[in-house]
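Accompanying notes for the structure given below.
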Amino acid sequence: MAELATIARPYAEALFQVAKQHDLAAWGRQLDALAQVAQDADLRQFADHPKVQSEQVLAVIAAATKQDLAPGVQNFLRAVIENGRLAALPEVVAQYHVLANAASGVSDAHIYSAYEINDAQLAELKTTLEKRFGRKLDTHVQIEPALIGGVRVVVGDEVLDTSVKARLERMKVALTA
């Protein structure tokens, strides 16, 4: 949604500027936990209740992450809650990661696989993908049985689909053309 992206951009940029002075990776892990918690509909309903104070919402979210949040991350979360932007938090975190990756010369690679990938296979696949895309990659694996076999890799706006499902779709198109 373009509106969420527009709302999230200034938060992400400010957050990145502060995080640069600390540990980008550690802040990224804490922010991922916050984004995961912020996606809960019940939590957002609780946060929107007029009788609930922002400090109460902050305490609930901090406890739900099960992490010790850095003071800067807590201040960011407090600002998001006080401004009523909890729904935009996952988008803020996504844009933060884009900025952090650009600064470090790394891109996120989302790998969708039909089967579990062990560490040795992932290391080999990562090396191959880094050569293919011409940059360092931070890989995230997700199991998607509908692919039947193979993998589908998404890096930014580029997609490399070597799955059996994609091959079958290409064959279907070729046979019906």
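The values are calculated or read from the model by the stated rules, or taken from the named source; none is laboratory data. Since the model is a prediction, treat every value here as computed from it, not as a measurement. Heads up, the Cβs are rebuilt from the backbone with ideal geometry, glycines too, and the neighbour counts pull from every protein chain shown. For accessibility, only protein heavy atoms count, side chains too; no ligands or nucleic acids. Shrake-Rupley method; radii C 1.70, N 1.55, O 1.52, S 1.80 Å.
Listing for the model above:
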| read-out | value |
| --- | --- |
| Among the candidates Q36, Q95, Q17, residue that is open to solvent by 80 Å² or more (accessible area, probe 1.4 Å) and under 30 Å from P145 (Cα atoms) | Q36 |
| Close pairs (9 angstrom Cβ cut-off, 6 or more residues apart or separate chains): on the phi > 0 side of the Ramachandran plot and in contact (Cβ under 8 Å) with a residue 40 or more places away in the chain in segment 120-139, open to solvent by 70 Å² or more (accessible area, probe 1.4 Å) and assigned to a helix (DSSP H, G or I) anywhere | none |
| Sole exception among (1) modelled with pLDDT under 90; (2) surrounded by 19 or more Cβ atoms within 10 Å (Cβ to Cβ); (3) of a type in the set (V, I, T) for V57, by number | (1) |
| In segment 44-54, residue least open to solvent (accessible area, probe 1.4 Å) [restricted to those that are more than 26 Å from the chain's Cα centre (by Cα) and either among the charged types (D, E, K, R) or closer than 10 Å to I81 by Cα (or both)] | Q53 |
| Hits in segment 124-162 - residues which are over 16 Å from S113 (Cβ atoms) and among the acidic types (D, E) | E130, D138, D157, E158 |
| Test: residue in segment 70-83 that is open to solvent by less than 30 Å² (accessible area, probe 1.4 Å), farther than 21 Å from R9 by Cα and modelled with pLDDT of 90 or more | yes |
| In segment 41-77, the residues that are in contact with a Leu (Cβ under 7 Å, 6 or more places away or on another chain) and of a type in the set (F, W, Y) | F76 |
| Extreme residue, nearest to D32 (Cα to Cα), among residues of segment 42-71 that are among the polar types (S, T, N, Q) and in contact with a Lys or Arg (Cβ under 9 Å, 6 or more places away or on another chain) | Q67 |
| Qualifying strands (runs of 3 or more DSSP E) (wholly inside segment 101-170; at least 2 residues being in contact with a Lys or Arg (Cβ under 6 Å, 6 or more places away or on another chain), over 30 Å from A19 (Cβ atoms) and open to solvent by 80 Å² or more (accessible area, probe 1.4 Å)) | none |
| Only listed residue being closer than 30 Å to K51 by Cβ and among the small types (G, A, S), chosen from A120, A109, A88, A103 | A88 |
| Enumeration of residues in segment 1-35 that are in contact (Cβ under 8 Å) with a residue 40 or more places away in the chain and among the polar types (S, T, N, Q) | Q30 |
| Complete set of residues in segment 7-31 that are over 12 Å from L89 (Cα atoms) and among the β-branched types (V, I, T) | V18 |
